[in-house]
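One structure is given below, encoded as structure tokens.
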């Protein structure tokens, strides 16, 4: 999300009058969501598979990111922070789902571990 406008275009921070403190909280909410979702994301990828984890986490991140402008217009900074947190939760398992070993035998695990 663009917080500052460039070349005469208003960013979201300019449009909704978010202070620098508010912008920092929005980015911190994303970071906390991303960090807290990484380990459970890896475990979920091992349980249900990497493709399903990728699909669901991308869906969560996409819907939350698309709702951020509406949340800013309707609910203010708290809604934006919550949606940013959800976006981070959705993006956290993505890297972990790529590195999850495929279901299979020992050979598949050894290939992914190497």
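The values are calculated or read from the model by the stated rules, or taken from the named source; none is laboratory data. Just so we're clear, the structure is a prediction, and the values are computed from it rather than from any experiment. For neighbour counting, all protein chains shown are included, and Cβ atoms are generated from backbone atoms with ideal geometry for every residue, glycine included.
The residues of the range 32-47 that are surrounded by 14 or more Cβ atoms within 10 Å (Cβ to Cβ) and at pLDDT 90 or above, listed by number, are 32, 33, 34, 36, 37.
In the range 24-37, the residues that are free of Cβ contacts under 8 Å to residues at least 12 places away in the same chain and on the phi < 0 side of the Ramachandran plot reach residues that are crowded, with 16+ Cβ neighbours inside 10 Å and in a helix (DSSP H, G or I) with C-beta atoms within less than 9 angstrom, at least six apart or across chains, in these pairs: 28/81; 28/84.
Each row is one residue, and each column tells you yes or no for (1) under 13 Å from the mean Cα position of the chain (by Cα); (2) assigned to a helix (DSSP H, G or I); (3) within 15 Å of residue 24 (Cα to Cα).
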{"site": "52", "(1), (2), (3)": "no, yes, no"}
{"site": "57", "(1), (2), (3)": "yes, yes, no"}
{"site": "61", "(1), (2), (3)": "yes, yes, no"}
{"site": "65", "(1), (2), (3)": "yes, yes, no"}
{"site": "69", "(1), (2), (3)": "no, yes, no"}
{"site": "79", "(1), (2), (3)": "no, yes, yes"}
{"site": "82", "(1), (2), (3)": "yes, yes, yes"}
{"site": "88", "(1), (2), (3)": "yes, yes, yes"}
{"site": "91", "(1), (2), (3)": "yes, yes, no"}
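Contact annotation: no residue pair with Cβ atoms under 6 Å, 6 or more positions apart or on different chains, pairs a residue in the range 69-94 that is free of Cβ contacts under 8 Å to residues at least 60 places away in the same chain and on the phi > 0 side of the Ramachandran plot with a partner that is surrounded by fewer than 21 Cβ atoms within 10 Å (Cβ to Cβ) and not in a helix (DSSP H, G or I).
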